[in-house]
Amino acid sequence: MSRRSTFNRVAPNRVALAALAALSIIAAPAGAEPATRTAPDDGDPAAESSEQYLINAGRVIVRPGEVLENVRILVRGGSIAALGRDVEAPEGIEEISGAVVCAGFIDPWSALGVDAGSLRDQRTEPATRTADAIDVHGQRHLRREALRAGVVAARVQAGGLARVGGVGAVVRLNPDLSAAEALVLPDAVLAMSVGLSRGGGAMDVFDRQGEVDRVRGALDSGLAYRQNEVEYRYDLEEWEKAMAEKEADLEKDFKKAKKDRDKGLAKAEEDDKEFKEKKYKEDKKPRKPSFDSNKAALARAAHGELPLVVQVHRAAELRELLKATAGVDRLRLVLAGATEAESVAETLVERRVSVLVAPSLARSDARDEWAGADLGLAGRLEQAGVEVLLGSGGETPDLTRDLPLLAASAVGHGLEREAAFEALTIGAARSLDVADQLGTVEVGKSADILVLDGAPLLGTTSVQYVFSAGRLVVTPQN
Amino acid sequence: MRSTIQSALALTLLAAPLLAGDGRLAIRAGKIITQAGEAIIDGTIVIENGRITAVGAEVEVPWDVEVLDATHLTAFPGFVEAHGNRGMDRPNENIDVAPFLNIRDSIDPVNFYFEDSLRWGVTTINVQQGASCVIGGQGMVVKPFGMTVEEMLVRPASGIKLSASPKSGKSRATQAQALRKAFTELEHYLAGLVQKQKDGDDSARREALYQGRDLDSEEAREGRAQAGSAAWTVADLELIPRGEIDEKQAPLLDLVEGRIPAWFYCGAPMDVRVALEVARKNGFLAQTTLVLASSCWKAADEIAEAGVPVVLSAALMHIERDPVTGEEIETFVPKVFKEKGVRYALASSNQSTQSLWFQAASCVAQGMSRAEALAAVTTVPADILGLGKRVGSLEKGKDGNVLLLSGDPLSVTSFVEYVVLEGSTVYDRSKDVRMRHLLEGETPEGTAPAGSEEPKVHEHEDEVVTEEEPVDAGEDKE
């Protein structure tokens, strides 16, 4: 699998880290734009669609705050092939007209399209891949419903309530795609949780604190693993260089050594003593550290190659978690749920930690940690300057369909509409490292876009057409 | 008590050496369905040394060969069970990855299953570990007759069982993780061995000596480069004598090198992707047969593309409810695979039936051709097992396995009258005490008369514990 670049917001400021970055196994330095992305495991992604369309759009929301009027969009080969006033229509192409075109919505915290047992599994490990639990044959109607509501992709996660949920994946929700086509990114995030009541009652405060320590412990083991790996490569390189130099020296000095030896031999014979060879010494070859898939996954998260999404709710754990992870400079932390996140809003802004809010309308099965959740959280955090993402909560598959509705209700409770729209499109795409494919309406991106009859996230606007990887999957007729 | 009587019966039946012959037999049958060309009316089958030497209408029978007069019966090659996990004292194992185990240690020759197999006319059975595993033990092909496993043996190494469906305690995500991990570990183990060898550390040899493994045979001393088509290779593997490879890893390496078949269980259509991916990546796709649950017809396209054969190990009619309309949707599974061009064998181990003829007859009832249905229980499974030249049809050179039926093999009124295995008559319905007991109410000698009470265990009436459930008055309350 090709390595992906990072989206680090925190510059590596430690000398040690800078040294590590110089070595090839560390990702590109912070600030670099994403260049290469991981492709799904097998085969090419959905770019093979033979369908093509021309969309005549009254308004195109390219990205939040950037709107073009009276534009034509050419969808071909799965992606947006052209966009502009004077895009020519190839002969015989199907034309579609609509008032507003925008990027399809992404649910960054969904339970849709994943094997139910894997969602509930609490024995998941850092290396557990949600991509292996994606069920392209199941929940077809729910996925279709989600598409009709404009939700085109989702981050799904095995082990949603486990302490460590493993690696989450971003998938397209189009039920007609094969697994290879549906997978946008098989390794999008690493998920953990702190202080959830799992099955039994709520844990006591010390256990919850213990879970915070575990998160830090896990990250440390990842850091140590990577450090070892880097040191090994460095040591090996050094050793090989040293050996090469040594050999060159020995070759060079061989004549002299031979002369000395012959002299020594002659002298020993003369003195009637036993000849002693010179003792040869060299440094031991460094040993390769043993492979550990779990620590490798933790290392990727600790180094910011994967965002770390931690579901955590209570003020005390939020505070402690932020404290515990403060030293992990490259970490890209996303807090999920975060019911009491207002109390740490300042730190969140300062550390540029985003919060994934699930603005649920009602929770009949509300667990302890969700107590006090209200629809205003997203708005208040946003006003405090925290980057807010919106998700459906990762437990109920049906809720992914309702994400636009949930977002609209968050808007009704104080979240700026534009912030909500950003959260569902480019905000989610950026956080999940899929912004090269999803999240905006730009030439070259995958055509996962919506045609609406009005402004997005309004109760009166309906979704007219939905494109998934360049295929027209929803029309007013179907 | 009952089981004692049954065991006694089993022994009576199995210890009937009078029936067995010396591997030489001529059978005159009213009709011979050969499964290799047209049926023969009033034909003869000659078996010598356990193999068929002649089949036809005009066949000369050597003067000293015993003749079984079955001119009122129909001869048919025995049914072939491509995959099953009955006949063992324990079909599953707790260890996740246990390729070092062998079914031969678990097969129970006096298990009723084998006796019943004769009654149902199944003459070749591939016994594999149950599906509750990650990587299970190695199976073997047996015939259902013999007092020891050696006597039953047809082919000793019929392949390793794997499962893409979660074993207890796992979810699909962690099951896939465990599967992948087993092969990653193999790769790292082998690379480690090679490195050790290069570094002059031959502790693997001492470990093999300590464990008493074979190091002297040619096979064990041989060092071979990694063969096969796996996506990974360990360089310089030829430095390692094969005998030094640990017994847990050696069978997996055989699998990776394509030297033994794989039987990959899929309990849901989503499992097929993981199974095929694991098989492809680790180089044993060409040796893989998928063992499928009914719903897996949904993955028929993927299976057809991969070109692997399948064993349909569950109900042939898949029934599900449309989640939107509530309508019941019936899919006849073999038909789907036939349409997609996938080679399939029917298996008997499921709740709806115990017999292969019933499975084949169901196919005919669903409109499939008789030839297709019969092939799926004879020649196709024989081919999948690599025994196409030995069993599955009545031809010169094949094993002398013949069923003599009272009618057509797919008729519900037909009985298996005789079973001939490798030229020996091992079953004769007229002497089947148990069958007569069950069907005709005939009491076998030495058993208590029907209706007689079992001896009382308790001396005092009031000590007898009532088996009736106490009525719980509070059961209905919320």
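Quick rundown of the values:
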{"quantity": "Extension gain from B:LYS335 to B:GLU58, taking 0.36 nm per residue of separation minus the Cα-Cα distance", "calculated": "95.9 nm"}
{"quantity": "Dipole of the protein assembly as shown [Lys/Arg +1, Asp/Glu -1 at C-beta], most positive-end residue of B:TYR427, A:THR425, B:SER171", "calculated": "A:THR425"}
{"quantity": "On Cα atoms only, tilt of A:254-271 relative to the major axis of chain A in degrees", "calculated": "30"}
{"quantity": "Residue order, fewest to most surrounding Cβ atoms within 10 angstrom, among B:ILE95, B:ILE33", "calculated": "B:ILE95, B:ILE33"}
{"quantity": "Largest-first principal axis extents of the Cα set of chain A (Å)", "calculated": "109, 65, 39"}
{"quantity": "Computed [θ] at 222 nm, helices only, for chain A once each DSSP H run of length n ≥ 4 contributes -39500 (n - 2.57)", "calculated": "-9500 deg cm²/dmol"}
{"quantity": "Share, in percent, of DSSP beta bridges within the protein assembly as shown that are antiparallel, nearest 5", "calculated": "60"}
{"quantity": "Relative exposure of B:MET147, B:MET270, judged by other C-beta atoms within 10 Å (fewest first)", "calculated": "B:MET147, B:MET270"}
{"quantity": "Order by protection proxy (mean Cβ within 10 Å, highest first), peptides A:247-260, B:161-174", "calculated": "B:161-174, A:247-260"}
{"quantity": "A:GLU238/A:ALA296 FRET efficiency (R0 25 Å; Cβ-Cβ; nearest 0.05)", "calculated": "0.60"}
{"quantity": "Share of Cα-Cα pairs in the stretch A:425-478 lying beyond 14 Å, as whole percent", "calculated": "58"}
{"quantity": "For chain B, calculated [θ]222 nm from helices alone, where every DSSP H run of n ≥ 4 adds -39500 (n - 2.57)", "calculated": "-8000 deg cm²/dmol"}
{"quantity": "Note, ³J(HN,Hα) from phi for the stretch A:161-174, Karplus 6.51, -1.76, 1.60, rounded to Hz, x at Gly and Pro", "calculated": "9, 6, 4, 10, x, x, 8, x, 10, 9, 10, 7, 8, 4"}
{"quantity": "The stretch B:79-385: projected area of the alpha-carbon convex hull, averaged over directions, in nm²", "calculated": "17.1"}
{"quantity": "Point-to-point label distance, B:MET317-A:ASP204, nm (Cα→Cβ direction, 7 Å offset)", "calculated": "5.8"}
{"quantity": "Percent RCO, i.e. relative contact order, over the stretch B:236-322, from Cα pairs under 8 Å lying at least 6 residues apart", "calculated": "26"}
{"quantity": "Cβ charges +1 (Lys, Arg) and -1 (Asp, Glu), total dipole of the protein assembly as shown, debye", "calculated": "2900"}
{"quantity": "Top positive-direction residue, dipole computed over the protein assembly as shown with Cβ charges, set B:GLY367, B:ASN282, B:GLY139", "calculated": "B:ASN282"}
{"quantity": "Options B:ILE245, B:GLN226, B:GLY326, ranked by Cα towards positive dipole end of the stretch B:79-385, top entry (Cβ charges)", "calculated": "B:GLY326"}
{"quantity": "Exposure proxy order (Cβ contacts within 10 Å, fewest to most) of B:LYS340, B:LYS31, A:LYS267", "calculated": "A:LYS267, B:LYS340, B:LYS31"}
{"quantity": "Gain in span if fully extended, A:GLU69 to A:HIS413, counting 0.36 nm per residue against the direct Cα distance", "calculated": "120.8 nm"}
{"quantity": "Ordering of B:304-311, A:82-89, A:459-466, B:374-381 by packing [mean C-beta count within 10 Å, highest first]", "calculated": "B:374-381, B:304-311, A:459-466, A:82-89"}
{"quantity": "Lys, Arg +1 and Asp, Glu -1 on Cβ, resulting dipole of the stretch B:79-385 about Cα centre, debye, nearest 20", "calculated": "460"}
{"quantity": "Count of lysine pairs in the stretch B:79-385 with Cα separation under 23 Å (8 or more residues apart, or interchain)", "calculated": "23"}
{"quantity": "Antiparallel DSSP beta bridges within the stretch B:79-385, as percent of all bridges there, nearest 5", "calculated": "40"}
{"quantity": "At R0 = 22 Å, FRET efficiency that the Cβ-Cβ distance of B:SER411 and B:HIS72 yields, to 0.05", "calculated": "0.90"}
{"quantity": "Degrees separating the helix A:293-302 axis from the principal Cα axis of chain A, which is the longest one", "calculated": "70"}
{"quantity": "Theoretical gain in end-to-end length, B:SER168 to B:MET147 [0.36 nm per residue, Cα-Cα removed]", "calculated": "4.2 nm"}
{"quantity": "Inter-site label distance for B:ASP108 and B:ARG51 at 7 Å from Cα along Cβ, in nm", "calculated": "3.6"}
{"quantity": "Over the stretch B:123-278, volume per residue of the alpha carbon convex hull, in Å³", "calculated": "146"}
{"quantity": "Kirkwood hydrodynamic radius of the protein assembly as shown, Cα pairs, Å", "calculated": "32.8"}
{"quantity": "Using a Förster distance of 25 Å, the FRET efficiency for B:ASN94-A:THR396 (Cβ separation, nearest 0.05)", "calculated": "0.15"}
{"quantity": "Angle between chain A longest axis and helix A:403-412 axis [Cα atoms, degrees, rounded to 10]", "calculated": "70"}
{"quantity": "Reciprocal of mean inverse Cα separation for the stretch A:324-478 (Kirkwood radius, Å)", "calculated": "16.7"}
{"quantity": "Dipole magnitude (debye, nearest 20) for chain A, charges at Cβ of Lys, Arg, Asp, Glu", "calculated": "1020"}
{"quantity": "Distance between modelled label sites at A:VAL349 and A:GLU247, nm, 7 Å Cα→Cβ extension", "calculated": "6.1"}
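Readers should treat all values here as calculations from the given coordinates under stated rules, not as data from a laboratory. Worth saying up front: this structure is predicted, and the values here are computed from it rather than measured. Every residue, glycine as well, gets a Cβ built from its backbone with ideal geometry; the counts of neighbours run over all protein chains shown.
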